[in-house]
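Please read the structure below before turning to the comments.
The values are calculated or read from the model by the stated rules, or taken from the named source; none is laboratory data. The structure displayed is predicted, hence computed values, not measured ones. We place every Cβ from the backbone using ideal geometry, glycine too, and count neighbours over all the protein chains shown. Please note that ligands, DNA and RNA were not included when accessible areas were found on the heavy atoms of the full protein model with its side chains. Shrake-Rupley method; radii C 1.70, N 1.55, O 1.52, S 1.80 Å.
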Amino acid sequence: MNAPAAPSRPAPPRASAEFILLMAALMSMVALSIDAMLPALAQIGHTLGSPDANSNQLVISALFLGFGFGQLLYGPMADALGRKPAIYTGLGLFLLGSIACMSAQSFPAMLAGRFLQGLGVASPRTITLALVRDQYLGPEMARIMSLIMAVFILTPALAPALGQVILLVAPWRAIFAMLLLMGLLTLTWFALRQPETLPAARRVPFSLRQTLREARSVFAHRRSLAYMVVAGLSFGAFVGYLTSAQQLLQEQFGLGEKFPLYFGALALCIGAGSITNSRLLRRFEVQKLTRSAIGVFTTLSTVTWCALYLGHAPLSLTGLMLWGGVSFFCMGFVFGNANAMAMAPFGHMAGVAAAVVGAFSTFVSVTLGTLIGQSYDGAATPLIGGFALLGALALGILTWAHARPEPVEVEASGG
């Protein structure tokens, strides 16, 4: 007698446009908190007594530092209490940090407020990964993450212009008032429209021992570790650009109030890369697309750096935009793919995995990105060299990761 066929797992629901927009809005709180500040960095530093121009970059780095620590908190919370309580907690801290920054009277007080903002905004960024991973897996998750990133990238494209417009009619503190308002609106939208994706039956009571065991399992998975490092290296290069973009574009090239236009154009290149990646994922393997994208921006950056170093000539604005356009287009492939591949094996512990993946890659990126930013010397050479070096390291890590077979998708997606 034949055994009855095992019931098939229902196909995951197709992601709605509202789900993609809401996830992008949650993720955009990070980008909005960073990029809207860029036109105001010099004014903030002057008002609050920053030691020098490069120190103004710490307004960005402080948020990333809080962001890294925050991710370690929300993953276990999300697995124990559900995704929505973790989002509520984080956005609440973000609102408090926005108030602290808005009322800061010294540069250290500003950095403390930014750290608190980062600590809070880590929640929507981390739990977004878990919300997607609760429902989708592997290439499909990578495709959805690329669509989310494509929508999300409108924020860094528009945020500097928004900050610049605010500065035309109000002091820089009004930018933090805008962040406070956006945080409240996003929190309300999420509370009213997003269902909980982690049923009570699948929640895991918090246990420090269990959390540490699960975290170790993430690091023990060869390819997950590799893609975490790749995400950190790639985003580290990008953080180096973020921290020095205002000095590079607004001051070195004298763009002034035109800075948001050039910054936004480069940001749109990342969005174009994300959209292209989401389409190509239907035809090509994730790891091949990721490796190819890293190879292109690494080669371009290496050739450009060598030309600048050997030629002893500064890079023109046109040259910078061409290099940045191609490099950031490639970054659009890497960001979504690397996070999805690092998360793929851990659907049964998506909260902790998201925390580990996010925190580790953030600590790597903020450390390396700050070093690149602080090496700014009035030219683009250190930034381009950083892209070349970190890209080469990422390619080496990918080669190591795929040197022997290892299953990436070890668990089917939960429903």
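Filtered by the rule that a residue be at pLDDT below 90 and touching a helix residue (DSSP H, G or I) at 6+ places or on another chain (Cβ under 7 Å), the stretch 362-379 gives Thr362, Gly378.
In the stretch 135-152, the residue that is modelled with the lowest pLDDT out of those that are open to solvent by 10 Å² or more (accessible area, probe 1.4 Å) and not in a helix (DSSP H, G or I) is Leu137.
Would you confirm, using the coordinates I've provided, whether Ala159 is open to solvent by 10 Å² or more (accessible area, probe 1.4 Å), among the hydrophobic types (A, V, I, L, M, F, W, C), part of a helix (DSSP H, G or I) and in contact with a helix residue (DSSP H, G or I) (Cβ under 9 Å, 6 or more places away or on another chain)? Considered against the rule, which asks whether it is open to solvent by 10 Å² or more (accessible area, probe 1.4 Å), among the hydrophobic types (A, V, I, L, M, F, W, C), part of a helix (DSSP H, G or I) and in contact with a helix residue (DSSP H, G or I) (Cβ under 9 Å, 6 or more places away or on another chain), Ala159 comes out as no. Does Met23 meet the test of being open to solvent by less than 10 Å² (accessible area, probe 1.4 Å), touching a residue at least 24 places away in the same chain (Cβ under 8 Å) and part of a helix (DSSP H, G or I)? So Met23 passes the test. Is at least one residue of the stretch 33-50 assigned to a helix (DSSP H, G or I), more than 27 Å from Arg202 (Cβ to Cβ), hydrophobic (A, V, I, L, M, F, W, C) and within 20 Å of the chain's Cα centre (by Cα)? Yes, the stretch 33-50 contains at least one residue that is assigned to a helix (DSSP H, G or I), more than 27 Å from Arg202 (Cβ to Cβ), hydrophobic (A, V, I, L, M, F, W, C) and within 20 Å of the chain's Cα centre (by Cα). Among the residues of the stretch 254-280, those identified as among the hydrophobic types (A, V, I, L, M, F, W, C) and either surrounded by fewer than 17 Cβ atoms within 10 Å (Cβ to Cβ) or assigned to a helix (DSSP H, G or I) (or both) are Phe259, Leu261, Phe263, Ala265, Leu266, Ala267, Leu268, Cys269, Ile270, Ala272, Ile275, Leu280. Restricting attention to the stretch 286-326, the residues that are modelled with pLDDT under 90, part of a loop (DSSP other than H, G, I, E, B) and surrounded by fewer than 13 Cβ atoms within 10 Å (Cβ to Cβ) total 2. You will find that of Val366, Val356, the residue that is among the β-branched types (Val, Ile, Thr) and over 20 Å from Phe206 (Cα atoms) is Val366 and no other.
In the stretch 4-14 there is at least one residue that is among the polar types (S, T, N, Q), surrounded by fewer than 17 Cβ atoms within 10 Å (Cβ to Cβ) and at pLDDT below 90.
Restricting Phe67, Phe107 to residues that are out of contact with any strand residue (DSSP E or B) (no Cβ under 8 Å at 6 or more places or on another chain), closer than 30 Å to Asn277 by Cβ and open to solvent by 10 Å² or more (accessible area, probe 1.4 Å) narrows the list to Phe67. Check Val169, Val132 and return the single one that is among the β-branched types (Val, Ile, Thr) and open to solvent by 20 Å² or more (accessible area, probe 1.4 Å). Checking each option against the conditions leaves just Val169.
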